[in-house]
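Read the figures in this text as sums done on the coordinates, not as results from a lab. Computed from a prediction, not measured in an experiment: that's the story for all the values here. Virtual Cβ from ideal backbone geometry, glycine too; neighbours counted across all protein chains shown.
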Ligand SMILES: [Cu+2]
């Protein structure tokens, strides 16, 4: 292969730089040589709702950011009753971990399908361009691995999911195989006037709809393997009514000891993805100060939203500065889904109460008679 570097060296030696280069190196070869010269960074992923450390404003030029994920098929408990689903996961978590890069970086993923799995898997990156979002180039059997690189040309939060073909696609997705890539603008997030926006903390909430079959008595059924659960699960899926709608892979995965933390005055970026079904995030007692409802940062954020809409197959981002302490429920504001099916998380916020914003003027007591 004749690279741009070789072409430049050869042309410079011959003293004809510029005259021969365009015809001697194809655009693809030029790009490959350019990419080979970029700095590389290896990033270790962390399980949601946490996100790996990253710069909000890129300190250098484009680079190649390397990630590795293992697909793990495993049973997961999805509610407090001990209901078990035969899950399929990226890196063992539902949702899969968030990968953060900057616009014009190259994201390079090594995807591993261990021999202990039973099925082929792949990855479709909504952030990428071409080849089924990488799905066509990443289909691997148990015992195989593959490496895919794509250029992050558009800024925003984007879903990734498994898409191994036909009826396997929705089944793998509703079994847990989705996650998010965040492509930050190189100069960071901005408000509607182009002024910089920063966050003190970031949380990634992946919402999932699960379809667990029931036995004739109405109890959730348990299966030995994903394959055993397939036929019954597809029947429930076709009814389009989920048995569970949860954040972070299980009912109450983000409440109690696992509630997300913040302090009064801190600004939190909340990224919310749903790979399969529409949802409507809402902070009870708070707002979205700046919301990229469609999740794409080239568009100005909406302001002061009460509830926002995240389309199935996309991710949205909301920036909120907490102004009061307390426990905030963060819900899908279909309240049946929030309370009955599981789509509720908590933020525990420390700090001083502001009476100017809210005050109980008279405590509850008997109805006054005059
Ligand atoms: Cu899969």
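Compare 264, 310, 101 in a GNM of the chain, Cα atoms joined below 10 Å, and give the one with the largest fluctuation. Top of the fluctuation ranking is 264.
Between rounded, prolate and oblate, where does segment 23-123 land on the alpha carbon gyration tensor, with a ≥ b ≥ c its root eigenvalues, rounded for a/c under 1.5, else prolate if a/b exceeds b/c? Could you put the intermediate results ahead of the total?
Details: a/c = 3.99, a/b = 1.89, b/c = 2.12.
The shape class here is oblate.
Helix 27-36 axis versus longest C-alpha principal axis of the chain: approximately 70°, rounded to the nearest ten. Output the 0 to 90 degree angle, nearest 10, between the alpha-carbon long axis of helix 226-238 and the longest principal axis computed from the alpha carbons of the chain. Roughly 70 degrees between the two axes.
Principal axis extents of the C-alpha atoms in segment 134-190 (largest first, rounded to whole Å): 41, 24, 17.
A helix-only calculation puts the chain at -3500 deg cm²/dmol for mean residue ellipticity at 222 nm, using -39500 (n - 2.57) for each DSSP H run of at least four residues, averaged over all residues. In the chain, the DSSP beta bridges split such that about 70 percent are antiparallel, to the nearest 5. Which of the three applies to the chain, rounded, prolate or oblate, going by the alpha-carbon gyration tensor with a ≥ b ≥ c and a/c under 1.5 meaning rounded? In terms of gyration-tensor shape, oblate. Between residue 302 and residue 54, the distance separating the two model label sites (each 7 Å from Cα on the Cα→Cβ line) works out to 2.3 nm. All alpha carbon pair distances within segment 78-203 were sorted into 5 Å bins beginning at 0; the resulting P(r) in whole percents reads 2, 10, 18, 21, 17, 12, 9, 6, 3, 1, 0.
Computed from the C-beta positions of residue 153 and residue 234, the FRET efficiency with R₀ = 35 Å rounds to 0.45.
The simple Förster model, with R0 at 25 Å and r as the Cβ-Cβ distance, assigns residue 350 and residue 198 a FRET efficiency of 0.80.
Each part gets one Cα centre, and for segment 109-157 versus segment 252-302 those centres are 27 Å apart. Note on segment 68-136: antiparallel DSSP beta bridges, both residues inside, total approximately 75 percent of the bridges counted. What FRET efficiency comes out for residue 190 versus residue 38 if R0 is 25 angstrom and r is the Cβ-Cβ distance? Round to the nearest 0.05. Efficiency, rounded to the nearest 0.05: 0.50.
With neighbours defined as other Cβ atoms within 10 Å of a residue's Cβ, the residues 63, 359, 261, 251 order from fewest to most as 359, 261, 63, 251.
Can you put 235, 144 in order of Cβ neighbours within 10 angstrom, beginning with the fewest?
On the way: 235 11, 144 14.
Arranged by neighbour count, lowest to highest, 235, 144 become 235, 144.
Three principal axis extents describe the C-alpha atoms of segment 282-364; from largest down they are 45, 33, 19 Å. From least to most packed, judged by other beta carbons within 10 angstrom and beginning with the fewest, 292, 171, 353 follow the order 353, 171, 292.
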